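This report refers to the structure that appears directly beneath it.
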Amino acid sequence: MQKSICFVFSFLLIHAISAQNTIVLNKDTSTHLIDRNIYGHFAEHLGRCIYGGFYVGEGNKKIPNTNGIRNDVVAALKKLKIPNLRWPGGCFADTYHWKDGIGPKDKRPTMVNKWWGGVTENNSFGTHDFLNMCELLGAEPYMAANIGSGTVEELIDWVQYVSFEGESPMSKLRRENGRDKPWNVKYWGVGNEAWGCGGNMRPEYYADLYRKYATFMSGWSNDNKIFRIASGANSANYNWTETLMKNIPPGMIEGIGLHHYAVIDWKKKGSAADFGEQEYFTTMKRTLFMDELITKNEVILDKYDPRKKVALVVDEWGGWYDVEPGTNPGFLYQQNTMRDAMIAGTTLNIFNNHSERVRMANLAQTINVLQAVILTNEEKMILTPTYHVMEMYNVHQDATYLPVTLKSNDYSVAGEKLPAVSVSASKDKAGLIHISLVNIDLQKAQDVAIDVSSYNLTSVTGRILASSKIQDHNTFENPEKIKPAAFTSASLKANMLTVKLPPFSVVVLELK
Ligand code: AHR
């Protein structure tokens with residue numbers, strides 16, 4: 001008893017004297033898991049994400065591949081434990097006619113990719129390529145249906161084609177194209193950004209359209225209940241979420257989307273790798289806004305769905321800057337620096353801390369587009385700082401969520417302030433506790449005192465992602481400039497874990 005009073009006293013004293021950041025790792029009272037699908041990815045027919053990124057063609061002799069899919073990419077994404085992959089868009093999804101992408105490749109019609117650079121899409125990467133690739137990756141497919149320019153019939157045919165085991169015109173066609181067993185696709189997006197590129201709809205109209213499509217989509221798969229995700233709000237458009245939840249009956253919707261990008265200014269996004277502290281601060285402010293967005297969406301969802309049956313699916317998130325000089329503006333190719341590592345670490349902490357409602361998310365986008373985890377240049381491939389954060393954080397996938405209480409110092413720039421430290425924690429099936437910490441402060445290291453007295457812990461190890469400049473990034477010439485290293489600035493004494501986080505660093509600790 002005396003020992004614990006003494007411990008609490010020293011904890012408070014440390015905080016008072018040194019304005020140290022404090023965290024309490026609370027008792028394991030929750031039972032919910034951090035859904036691995038929070039760590040999902042997104043692959044659109046956009047720029048070099050599919051073509052040159054995932055897919056280099058079956059006949060490619062220069063780049064090792066399996067049925068046209070890059071082997072190096074598959075290995076890297078498997079190491080990430082990629083849980084799901086969203087495809088074929090994005091805005092592209094509402095222009096995509098899936099039947100153009102099946103059958104002999106030399107007979108497939110072409111189309112113009114209206115949204116992304118106006119390039120010719122030859123449909124050589126289609127449904128079989130995507131779903132077989134998901135099998136290679138061990139990832140669940142998440143397919144976005146064409147609601148904007150497609151028909152109900154076209155979508156039901158697609159659902160049947162990929163998921164129906166019995167005899168039907170569509171399962172027959174699938175078999176003729178070389179695939180006997182259905183893939184059983186569970187996750188379906190009912191359109192994308194219906195408020196914008198998906199058809200510029202009003203939420204009332206989309207809610208009705210959703211109901212119509214959702215009615216005909218279910219019942220095609222024996223063993224895998226369909227999971228329908230309504231096209232969600234653009235950032236802070238709470239009226240979109242409210243109108244959908246009010247008008248779509250329970251039982252007809254399993255998930256509702258939300259898109260939010262950390263953009264400085266849509267008219268002046270700024271360079272991905274050449275930026276100053278003020279721009280960085282604004283990016284982090286937009287990143288942290290995700291917490292408010294989710295909290296306000298949760299209030300709406302709780303009103304209509306108090307039993308939390310409907311998942312909040314943040315199916316597009318990440319940093320968005322100007323394209324790299326000299327590249328096609330429609331291809332959205334950008335570099336990825338330590339700033340992006342800060343976005344990733346902070347956002348994933350937010351998702352973990354809201355994981356009772358946020359049960360799926362998709363970083364935009366996997367390869368060569370926006371906040372990519374992988375960049376390719378012909379046969380070369382590099383892993384970005386964002387990749388490393390997602391790899392370090394994959395310990396949280398399907399682990400039990402542990403609640404934390406955080407008191408953070410401020411990170412201040414030009415009279416504005418943000419919390420410097422962010423944190424989330426979980427306990428995995430083997431009983432190991434993982435705590436992920438981010439210090440977004442560019443100037444100051446942060447000392448953190450973590451009260452772990454609710455657990456009986458005896459040892460700590462960790463990994464860190466850090467660099468000397470926030471603009472640092474990996475290049476094809478220097479691919480390993482930024483990579484995780486062992487972290488040695490954590491010590492555990494008498495239920496108190498003390499950690500020193502260097503400026504702009506991400507740390508994941510493992511405790512047992
Ligand atoms: O991720 C790029 C684009 O951003 C997607 O196609 C669209 O859904 C969003 O506006």
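Which is small (Gly, Ala, Ser), within 30 Å of Ser149 (Cβ to Cβ) and either touching a helix residue (DSSP H, G or I) at 6+ places or on another chain (Cβ under 6 Å) or in a loop (DSSP other than H, G, I, E, B) (or both), of Gly59, Gly53?
Numbers: Gly59 fails: within 30 Å of Ser149 (Cβ to Cβ).
Only one candidate passes the filter, namely Gly53.
I'm checking my understanding of the structure. Among residues of region 439-463 that are of a type in the set (Val, Ile, Thr) and open to solvent by 20 Å² or more (accessible area, probe 1.4 Å), which one is modelled with the lowest pLDDT?
Taking the candidates together, the pick is Thr458.
Kindly indicate which of Gly178, Gly189, Gly166 is at pLDDT below 95 and not aliphatic (A, V, I, L, M). Before the answer, list the steps.
Working: Gly178 fails: at pLDDT below 95; Gly189 fails: at pLDDT below 95.
Every option except Gly166 fails the conditions.
Collect the residues in region 52-77 that are within 16 Å of the ligand (Cβ to nearest atom) and in contact with a Phe, Trp or Tyr (Cβ under 9 Å, 6 or more places away or on another chain), keeping them in residue-number order. Give the derivation first.
Going through region 52-77, the residues within 16 Å of the ligand (Cβ to nearest atom) turn out to be 53-54.
Correct list: Phe54 only.
Every residue in region 418-438 that is closer than 22 Å to Glu277 by Cα and open to solvent by less than 10 Å² (accessible area, probe 1.4 Å), please.
At the first step, the residues of region 418-438 found to be closer than 22 Å to Glu277 by Cα are 418-422, 437-438.
Hits for region 418-438 are Ala420, Val421, Leu437, Val438.
Which one of the conditions (1) open to solvent by 20 Å² or more (accessible area, probe 1.4 Å); (2) in contact (Cβ under 8 Å) with a residue 40 or more places away in the chain; (3) closer than 21 Å to Gly103 by Cβ; (4) not β-branched (Val, Ile, Thr) does Lys212 fail to meet, given that it meets all the rest?
(3)
Is at least one residue of region 78-90 assigned to a helix (DSSP H, G or I), open to solvent by less than 10 Å² (accessible area, probe 1.4 Å) and within 16 Å of the ligand (Cβ to nearest atom)? Don't jump to the end; show me each part of the working.
Of the residues in region 78-90, the ones assigned to a helix (DSSP H, G or I) are 78-80.
Adding the requirement that they be open to solvent by less than 10 Å² (accessible area, probe 1.4 Å) leaves 80.
Right, trim to within 16 Å of the ligand (Cβ to nearest atom) and you get none.
Checked against the condition, which is being assigned to a helix (DSSP H, G or I), open to solvent by less than 10 Å² (accessible area, probe 1.4 Å) and within 16 Å of the ligand (Cβ to nearest atom), region 78-90 yields no hits at all.
List the strands (runs of 3 or more DSSP E) that sit entirely inside region 225-337 and contain at least 1 residues that are away from the ligand (no atom under 14 Å from the Cβ) and not aliphatic (A, V, I, L, M).
Those strands (runs of 3 or more DSSP E) span 227-234, 255-262.
The values are calculated or read from the model by the stated rules, or taken from the named source; none is laboratory data. Everything numeric here is computed off the predicted structure, so don't read it as measured data. Please note: Cβ atoms are built from the backbone with ideal geometry, for glycine as well, and neighbour counts cover all protein chains shown. For accessibility, only protein heavy atoms count, side chains too; no ligands or nucleic acids. Shrake-Rupley method; radii C 1.70, N 1.55, O 1.52, S 1.80 Å.
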